[in-house]
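Throughout, read-outs are computed from the coordinates displayed, never taken from laboratory work. This structure is a prediction, so every number in the text was calculated from the model and none was measured. A quick note on method: Cβ atoms are made from the backbone with ideal geometry, for glycine too, and the neighbour counts reach across all protein chains shown.
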Amino acid sequence: MHVLDFIRNKVIRRFINLRSLSAKQVPYDEIIRIELLVAMCLAAIVSGILYIVIGSFLGMSFLIILNYLLFFSTVVPLVLYLIKKGFHNQAKLIMMIIGSLFMFIKAASLGRDSGMNLSMLIIVFATFAFYSINDYKYILLSLLITASLIIVLEWSDYNLLGNDQATNNFEYEFNYVSTGLFAILFFYVILRLNQYMHTKLVNLNSKLVSKNKTLRKLNEELDSYVYRTSHDMRAPLTSLMGLIYLLKSERDPEKLDTLIQMQENCVNKLDLHIQQIIQLSRNIKTDIQTQPIYFEPIVHDVFEELSFFEQAGSIQKNIRIHTPFVLHSDPYRIKTILNNLISNSFKYYRKSEETSFIDVDISSTKKSTIILIKDNGIGISPEYLENVFEMFYRATNKSKGSGLGLYIVKEMVEKLNGTISVKSRINTFTQFLIELPNTSENISNAEN
């Protein structure tokens with residue numbers, strides 16, 4: 001195999017413009033067929049030279065010598081030139097037509113006993129080795145020409161141009177050996193093509209199974225998404241319509257303020273749900289926009305935007321950021337992840353706790369960036385932990401959200417090729433740990 005690889009890489013590919021083939025996105029199986037055509041040209045030259053040298057000592061006829069010389073001096077160089085220039089189908093067609101005529105002239109000069117009837121099969125083997133099923137027109141044309149020439153040879157008993165007895169002295173053995181060698185070459189190429197196509201089909205099947213699994217998951221999520229979204233969006237709208245009806249008939253200023261506040265809560269709930277739908281859609285549809293991530297301003301902005309929570313001022317915020325290696329990632333997704341997790345810490349704080357806190361600990365190494373967010377809120381029951389990242393899942397009856405927040409977090413973390421895990425204990429703590437990979441392509445040293 002090392003010898004074949006050497007011949008293929010150092011000899012055959014010298015006649016092929018691989019850059020041009022790559023630019024044209026020529027399939028690998030077609031490249032194998034082009035390599036076969038070059039190999040056949042080179043093999044024909046070598047065998048032809050040996051044939052002429054040996055035959056000259058045995059009194060080979062002038063017609064046979066002229067036939068070989070014309071073929072090697074015109075057809076083979078033309079075919080190799082066309083291959084180099086990227087005209088592969090034209091090169092194959094010329095090789096098949098002129099090759100058939102070459103074999104016909106030789107067969108019609110030597111008689112049936114020379115074994116040329118067997119050598120004509122080389123053209124048939126070459127036809128199926130050179131062309132794919134998509135090139136069926138070339139296959140039919142080549143087979144039609146070859147079949148027509150064989151019929152003429154059979155009709156003339158292979159004596160149409162004479163019967164060179166001198167050449168027949170060694171022609172039988174030569175034809176059988178050369179036919180066998182070319183047959184081995186063609187079957188080897190066909191075997192390689194079958195192996196390649198089998199591997200390609202296996203890979204395509206694997207991708208198809210994976211895509212079907214993903215589509216099935218998306219379809220199930222879509223069904224749930226449409227139902228729950230329509231319900232969750234209609235609920236605050238229905239409440240708002242009821243509050244508007246009450247507002248029209250209410251005259252007490254204090255009750256009016258209460259109704260207006262309740263209306264505002266309904267609008268905020270609807271707005272939050274719409275924002276989460278936008279986040280989910282954007283995560284699915286948009287590619288990652290890679291930029292250097294500087295966590296200090298992002299975390300500061302998140303806490304600033306969440307300062308509207310009534311308990312925001314009373315909760316202790318512990319922020320520790322140590323990132324000697326700057327992560328390159330998507331700032332929108334990073335901020336959304338932090339926003340959703342920290343907002344949950346505000347929503348589900350424990351009123352009975354004297355000192356509520358939210359810990360944000362971010363660190364980086366050369367291999368990964370770790371984001372840890374921990375609070376001492378109401379916690380999550382152990383039986384709910386494995387489901388908290390599912391779409392529309394609510395782990396507590398105190399939840400007033402849509403159940404999309406943690407699902408969006410998980411989807412975005414996975415989009416960034418990261419992982420997320422959760423630990424919690426009822427009335428003690430909840431901790432989310434995110435790990436985002438650092439590679440040589442997406443990190444830089446902060447000191448630089």
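Provide the gained length on full extension for the span Ala147 to Ser363, in nm with one decimal, where the gain is 0.36 nm per separating residue minus the Cα-Cα distance.
Full-extension gain reported as 70.2 nm.
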Point to revise | Distant-in-sequence amide H partners of Ile358 (H built 1.01 Å from N, under 5 Å) | key: Gln316, Lys317, Asn318
Check your understanding: How do Ile298, Ile342 line up, fewest other C-beta atoms within 10 Å first?
Key -> Ile298, Ile342
Exercise for review: Kindly state, to the nearest 0.05, the FRET efficiency for Ser47 paired with Lys213, given R0 = 45 Å and r defined as their beta-carbon distance.
Suggested key: 0.25
Check your understanding: On full extension of the chain, what length is gained from Lys248 through Gln289, given 0.36 nm per residue of separation minus the C-alpha to C-alpha distance?
Key -> 9.9 nm
Revision key, fill the gap. Within region 75-102, the residues whose backbone N lies under 16 Å from a label point placed 7 Å from the Cα of Arg14 along the Cα-to-Cβ direction are 77, 80-81, 84
Practice item. Please give the net charge around Leu259, taking every other residue with its beta carbon less than 12 angstrom from that of Leu259, where Lys and Arg add +1 and Asp and Glu add -1. Key: -2
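Run the dipole for region 11-115 about the Cα centre, Lys and Arg Cβ at +1, Asp and Glu Cβ at -1, nothing else charged, and hand back the magnitude in debye, nearest 20.
340 debye
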Review point. Check Leu404: other-chain or 5+ apart residues with amide H under 5 Å from its amide H, H built from backbone geometry?
Key: Phe392
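If neighbour count is taken as other Cβ atoms inside 10 Å, put His198, His88 in order from fewest to most.
His198, His88
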Revision key, fill the gap. Ser156 and Leu385 label points (each 7 Å along its Cα→Cβ direction) are spaced in nm at 8.9 nm
Exercise for review: Measure off 7 Å from each Cα along the Cα-to-Cβ vector at Ala183 and Ser132, then give the distance between these two points in nanometres to one decimal.
Suggested key: 2.8 nm
Practice item. Give a residue-ordered list of calculated ³J(HN,Hα) values for region 92-105 (Karplus: 6.51 cos²θ - 1.76 cosθ + 1.60, θ = phi - 60°; whole Hz; x for Gly, Pro). Key: 5, 5, 5, 4, 5, 5, 5, x, 5, 5, 4, 5, 5, 4
Revision key, fill the gap. For region 16-25, Karplus-derived ³J(HN,Hα) couplings (6.51, -1.76, 1.60; θ = phi - 60°; whole Hz; x for glycine and proline) come out as 10, 8, 5, 5, 5, 4, 5, 5, 7, 6
**Study point:** Kirkwood Rh, Cα atoms: Rg over Rh of region 288-448
**Key:** 0.96
Study note, to complete from the structure: The long-range amide H neighbours of Ser132, using H built 1.01 Å from N in the peptide plane and a cut-off of under 5 Å, are none
Review point. Once the other residues with Cβ under 14 Å from the Cβ of Lys374 are scored (Lys, Arg +1; Asp, Glu -1), what is the net sum?
Key: +1
Check your understanding: Hey, what do the phi angles of region 419-428 turn into as Karplus ³J(HN,Hα) couplings, whole Hz, using 6.51/-1.76/1.60 and θ = phi - 60°, x for Gly and Pro?
Key -> 10, 9, 9, 9, 10, 7, 9, 4, 6, 10
**Study point:** Label point distance in nm, Lys24-Lys415, each placed 7 Å from Cα along Cα→Cβ
**Key:** 4.0 nm
**Study point:** Charge context of Ile342, other residues only, Cβ under 13 angstrom, K/R +1, D/E -1
**Key:** -2
Point to revise | Proximal lysines relative to Lys367, as straight alpha-carbon distance under 19 Å, when same-chain residues fewer than 8 apart are discounted | key: Lys415
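Given R₀ = 30 Å, what would the calculated FRET efficiency be for Leu204 paired with Leu78, taking r from the Cβ atoms and rounding to 0.05?
The pair Leu204/Leu78 has a calculated efficiency of 0.20.
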Check your understanding: Once you sort the root eigenvalues of the Cα gyration tensor of region 2-211 as a ≥ b ≥ c, which label holds: rounded (a/c under 1.5), prolate (a/b larger than b/c) or oblate (the other case)?
Key -> prolate
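To make sure I understand, if each residue's beta carbon is the centre and we count other beta carbons within 10 Å, what order do Arg333, Arg216, Arg33, Arg282 fall in, fewest to most? Intermediate results must be reported in sequence, preceding the final value.
On the way: Arg333 24, Arg216 10, Arg33 20, Arg282 14.
So the ranking, lowest neighbour count to highest, is Arg216, Arg282, Arg33, Arg333.
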